[in-house]
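One structure coming up, written as structure tokens, with questions to follow.
The values are calculated or read from the model by the stated rules, or taken from the named source; none is laboratory data. Only a predicted model underlies this, so the values are computations on that prediction, with no experimental measurement involved. Using ideal geometry, Cβ is built from the backbone for each residue, glycine included, and neighbour counts are taken over all protein chains shown. With ligands, DNA and RNA removed, areas are computed over all heavy atoms of the protein, side chains included. Shrake-Rupley method; radii C 1.70, N 1.55, O 1.52, S 1.80 Å.
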Amino acid sequence: MDDIKIMARAAKQRLKTNFWEECKRNLDEGAAFARELGLNETKVKSSLCGKVKKEIKGAREDGFYLKVKALLDAEGEVSDAIGRLTDKELYETLTYEEKQRYNLSLSSKYLQALERYRKEKEIGI
């Protein structure tokens, strides 16, 4: 019951602060900016909608994605990205099989973060 009250308060606060008008204005500005640059308006709009959804849910930036973004901003795509992102202390405690699983999981997460990074750079966020 408390969760519903908290969500209702948050929704009321969004209405009071003109959150939705601001979202509409940002969406229109983003679409116009994309049109001027010759980018795909739909991608820009979906990206902005995704950010609004995350903001409403109260989701925070993914720590792993922030590490990947910092690496890519600083040095671009490097051949040893997985090694740089590996938690060395944890890795040393793992068995051979666990290390293999850890590498596969880290590689998958890196590829997802890289795809997200490329989309954001393409759109200009």
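Quick one: check the C-alpha center-to-center distance for segment 79-125 versus segment 1-51, whole angstrom.
Here the two parts' Cα centres lie 30 Å apart.
Computing the accessible area with a 1.4 Å probe over protein heavy atoms, can you report the carbon and sulfur percentage for segment 1-78? Walk me through the numbers before you get to the answer.
Working: 3350 of 6100 Å².
With neighbouring chains kept in place, the figure for segment 1-78 is 55 percent.
Further question on the same structure: What's the Cα-based Rg to Rh of segment 1-40, Rh via Kirkwood?
1.30
Could you name the lysines in cross-link range of residue 45, using Cα to Cα under 22 Å and dropping any fewer than eight places away on the same chain?
Within the straight-line limit of under 22 Å, residue 45 reaches these lysines: 24, 53, 54, 57, 69, 119, 121.
Also: For the chain, what does -39500 (n - 2.57) per DSSP helix run (n ≥ 4), summed and divided by total residues, give at 222 nm, in deg cm²/dmol to the nearest 500?
For the chain, the value works out to -27000 deg cm²/dmol.
Of 71, 7, 106, which is farthest along the charge dipole of segment 5-125 in the positive direction, counting Lys and Arg as +1 and Asp and Glu as -1 at C-beta?
Of the listed residues, the answer is 7.
Which lysines, on any chain, are close to residue 99 with Cα under 17 Å apart, when same-chain ones fewer than 8 places away are left out?
The qualifying lysines are 88, 109.
Averaged per residue, what accessible surface does the chain expose to a 1.4 Å probe, in Å²? Don't skip to the answer; put the middle values down first.
On the way: 9500 Å² over 125 residues.
Roughly 76 Å² per residue, with all protein chains present.
Find the percent of Cα-Cα distances in segment 21-125 that exceed 21 Å, and round it to a whole number.
Numbers: 2705 of 5460 pairs.
That tail contains 50 percent of the Cα-Cα pairs.
Please work out the FRET efficiency for the pair residue 90 and residue 115, using the Cβ-Cβ distance as r and a Förster radius of 35 Å; give the result to the nearest 0.05.
After rounding to 0.05, the efficiency reads 0.90.
In whole percent, what relative contact order does the chain give with Cα contacts below 8 Å and a gap of six or more residues?
This gives 23 percent for the chain.
Given a Förster distance of 35 angstrom, what is the FRET efficiency for residue 7 paired with residue 40, based on the Cβ-Cβ distance and rounded to 0.05?
0.60
Further question on the same structure: Loop-only trypsin sites (Lys or Arg not before Pro) in segment 47-125, please: DSSP not H, G, I, E or B, and at most 15 other Cβ atoms within 10 Å.
60
Right, here's the next one. Dipole of the chain, Cα-centred, from +1 at each Lys and Arg C-beta and -1 at each Asp and Glu C-beta, to the nearest 20 debye?
Roughly 680 debye, rounded to the nearest 20.
So what are the ³J(HN,Hα) numbers for segment 13-26, from phi and the Karplus equation (6.51, -1.76, 1.60; θ = phi - 60°), rounded to whole Hz, Gly and Pro as x?
For segment 13-26, the Karplus-derived couplings read 5, 4, 5, 5, 8, 6, 4, 6, 5, 5, 4, 4, 5, 4 Hz, x marking Gly and Pro.
Starting from the 7 Å offset along Cα-to-Cβ, what nm value, one decimal, do you get for the label separation of residue 99 and residue 14?
Distance between the two pseudo-spin positions: 4.7 nm.
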